[in-house]
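Chemist: Pasting a structure here, questions to come.
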Amino acid sequence: MKVSHYFEFEEHVTGGIAASVDHQRKMFDRVGIEYTTEPTLDADVLHLNVMGPRSVWHARRARKAGVPVVAHTHVTAEDFGDSFRFTNALARPLKPYLRRAYGLADLLVCPSEYNRDLIKEYADVPTTVISNGVDREKLDGFESLEDEYRERYDLSPPTVFLVGHVIKRKGLETFVETAHRTPDVDFAWFGPIDRSLKGRETTRLIDEAPDNCTFTGFIDDIRGAYAAGDVFCFPTHEENEGIALLEAMAAGKPVVVRDIETFSWLEDGKDCLKVGESAGDDRHDSDSGHDDSGPDPVGRGDNAEGFVDAIDELRDPDRRAELGANAAARSGGFSLDAIAERYRSLYDELA
């Protein structure tokens, strides 16, 4: 069994997609799946992670040659919006493009049940759900970095934190507004800012954040974020799964999430605290290409008040410890060891 495991734009794509590809290759190593990162037909299966134009071309070649094609559904139009400058405008033509691209696969791998439900609108192709997983080894020893990273960013416990690219879709406005309303608590967003790729509204939110809200930019050791943070606050509006969430849970951090379908597998009050939507809309960023003249197609609402209430509940260290322990236990099913064998079975069935 040999797999051509191709990641188009590998030199440029970061964040969750890059982490997922890294996790897949680590799982291949663990179960002895031979693979090449080159897009070649000299393989039993062609597995594509981003359906860019080169991937589409290779998929067509593979189908003609009788090589089974697997495509990961990391990218959806719903997840693409409110990310970087002009992504909302690009999300409209992206959906018909992805319909054609995903339609070339023999099997689609979806990172969550929610993502699979979305993909049903894209292509009439068999699907399977395999989590992106969490690499526990990446977090080894994170506790030892607590003092260093708290001192570096002047953070006092309990610190509310988030990990990932700073983009509106992940609930930037809610995060900042919650910090405004909780001035005695430190907030920290660990991750790249990339101002040149952001719209005016996004940069304004960052610049006008209160003194207790820190945007660290890229950090050299992601373990430092989980060491310095006490409560993982994830007000994202749209997510295919959320690797950072799984990492926070694996690190034993209590998590607060927006109550969206992606997180339906989490039990409110036990695995996490969930905050419902409200009537407002915090997703309008004219520089990202959003058309403010019509209704918001997503209709997500800002609910900073609910997040403030959740943060207040987690001021209690015993409650933080309880939710954190439950989160860590729940994350066990997402370890790379627990998932790896799924890929061997998947490829064996196709080849």
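The values are calculated or read from the model by the stated rules, or taken from the named source; none is laboratory data. Note that this is a predicted model, so its numbers are computed, not measured. Note: ideal-geometry Cβ built from the backbone for every residue, glycine included; neighbour counts use all protein chains shown.
For (1) of a type in the set (Gly, Ala, Ser); (2) touching an Asp or Glu at 6+ places or on another chain (Cβ under 9 Å); (3) touching a residue at least 12 places away in the same chain (Cβ under 8 Å), each residue gets a yes or a no:
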site	(1), (2), (3)
ARG315	no, no, yes
LEU323	no, yes, yes
SER331	yes, yes, yes
ILE339	no, no, yes
ARG342	no, no, yes
TYR347	no, yes, yes
LEU350	no, yes, yes
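Chemist: Can you name the condition, by its number, that TRP189 falls short on among (1) part of a strand (DSSP E or B); (2) in contact with a Gly (Cβ under 7 Å, 6 or more places away or on another chain)?
Modeler: (2)
Chemist: Considering only residues that are over 24 Å from GLN24 (Cα atoms) and assigned to a loop (DSSP other than H, G, I, E, B), which ones fall in the stretch 225-263?
Modeler: The answer is GLY229, ASP230, PRO235, THR236, HIS237, LYS253, PRO254, ASP259, ILE260.
Chemist: Could I ask something else about it? Answer yes if at least one residue in the stretch 72-84 is surrounded by 21 or more Cβ atoms within 10 Å (Cβ to Cβ) and modelled with pLDDT of 95 or more, and no otherwise.
Modeler: Among the residues of the stretch 72-84, at least one is surrounded by 21 or more Cβ atoms within 10 Å (Cβ to Cβ) and modelled with pLDDT of 95 or more, which makes the answer yes.
Chemist: I want to confirm something. Restricting to the stretch 117-138 and keeping residues that are buried (at least 17 other Cβ atoms within 10 Å of the Cβ), over 16 Å from the mean Cα position of the chain (by Cα) and not hydrophobic (A, V, I, L, M, F, W, C), which single residue is farthest from LYS26 (Cα to Cα)?
Modeler: Only one residue tops the list, namely TYR122.
Chemist: Could you tell me whether the stretch 246-256 includes any residue that is surrounded by fewer than 24 Cβ atoms within 10 Å (Cβ to Cβ) and at pLDDT below 95?
Modeler: The answer is no, given that none of the residues of the stretch 246-256 is surrounded by fewer than 24 Cβ atoms within 10 Å (Cβ to Cβ) and at pLDDT below 95.
Chemist: Right, something else. Can you confirm whether the stretch 35-55 contains a residue that is in a helix (DSSP H, G or I) and closer than 10 Å to TYR6 by Cβ?
Modeler: yes
Chemist: Right, here's the next one. Would you please list the contacts, defined by Cβ atoms under 6 Å and residues six or more apart or on different chains, that run from a residue in the stretch 153-165 that is more than 15 Å from PHE232 (Cα to Cα) to a residue that is among the aromatic types (Phe, Trp, Tyr) and in a strand (DSSP E or B)?
Modeler: Between residues of the stretch 153-165 that are more than 15 Å from PHE232 (Cα to Cα) and residues that are among the aromatic types (Phe, Trp, Tyr) and in a strand (DSSP E or B), there is no close pair.
Chemist: Only one of (1) buried (at least 20 other Cβ atoms within 10 Å of the Cβ); (2) under 26 Å from GLY276 (Cβ atoms) is not met by GLY224, so which one is it?
Modeler: So the condition that GLY224 fails would be (2).
Chemist: Buried (at least 16 other Cβ atoms within 10 Å of the Cβ), more than 21 Å from the chain's Cα centre (by Cα) and in a loop (DSSP other than H, G, I, E, B): does that describe VAL166?
Modeler: The answer is no for VAL166.
Chemist: If PRO183 passes every condition in (1) surrounded by fewer than 23 Cβ atoms within 10 Å (Cβ to Cβ); (2) under 16 Å from VAL308 (Cα atoms); (3) in contact with a strand residue (DSSP E or B) (Cβ under 8 Å, 6 or more places away or on another chain) but one, which one does it miss?
Modeler: (3)
Chemist: Determine the pairs where a residue that is closer than 20 Å to GLU247 by Cβ, located within the stretch 6-19, has a partner that is hydrophobic (A, V, I, L, M, F, W, C) with Cβ atoms under 6 Å apart, the partner being 6 or more residues away or on another chain.
Modeler: Correct list of pairs: GLY16/ILE243; ALA19/ILE243.
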